[in-house]
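Engineer: Structure incoming, see below.
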Amino acid sequence: MNRRVPFVLFLSLGAVAAVGLGRAVTAAPVNYKLPEETGAFKPGPNLEVVQNNCTACHSADYVNIQPRGPKFKKDFWQAEVTKMIKVYGATIDDADVPKIVEYLATTY
């Protein structure tokens, strides 16, 4: 069961009721300040390609928390980059994929 439908219906009914009572329904703008970036990508080959592609969706902190060790090298990072493209819809140019994998496998 989709739990969002009753909530949306409730909001819609509330808006209709408020308008019906002669009150305009308005929403105040929401302002918020993002925290300062605390993570940074380590220097390495193709760093600029990584920054241009990966930071569109997540910070360097996401990379920093990934597993480390000998078995988490090229094959691991290839799978991660492929997942970002196929599962999460990252718009990474095909020519950049091997550069990103090289950077991650070499640097992390």
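Engineer: Listed residues GLY44, GLY14, GLY89; which is among the small types (Gly, Ala, Ser) and modelled with pLDDT under 90?
Structural biologist: Answer to the selection: GLY14.
Engineer: Looking at segment 52-76 only, could you name the residues that are in a loop (DSSP other than H, G, I, E, B) and under 19 Å from LYS99 (Cβ atoms)?
Structural biologist: THR55, ALA56, CYS57, HIS58, GLN66, PHE72, LYS73
Engineer: Let me ask something else. If we scan segment 82-94, do we find a residue that is open to solvent by less than 60 Å² (accessible area, probe 1.4 Å), within 22 Å of LEU34 (Cα to Cα) and hydroxyl-bearing (Ser, Thr, Tyr)?
Structural biologist: Scanning segment 82-94 turns up no residue that is open to solvent by less than 60 Å² (accessible area, probe 1.4 Å), within 22 Å of LEU34 (Cα to Cα) and hydroxyl-bearing (Ser, Thr, Tyr).
Engineer: Also, quick follow-up: Anything in segment 19-51 that is touching a residue at least 40 places away in the same chain (Cβ under 8 Å) and out of contact with any Lys or Arg (no Cβ under 9 Å at 6 or more places or on another chain)? List them, or say none.
Structural biologist: PHE41, LYS42, PRO43, GLY44, LEU47
The values are calculated or read from the model by the stated rules, or taken from the named source; none is laboratory data. Keep in mind that what you see is a predicted model, and the values were worked out from it rather than measured. When we count neighbours, we look across all protein chains shown, and the Cβ atoms used for this are built from the backbone with ideal geometry, even at glycine. Keep in mind that these areas ignore ligands, DNA and RNA; they rest on the heavy atoms of the full protein, side chains included. Shrake-Rupley method; radii C 1.70, N 1.55, O 1.52, S 1.80 Å.
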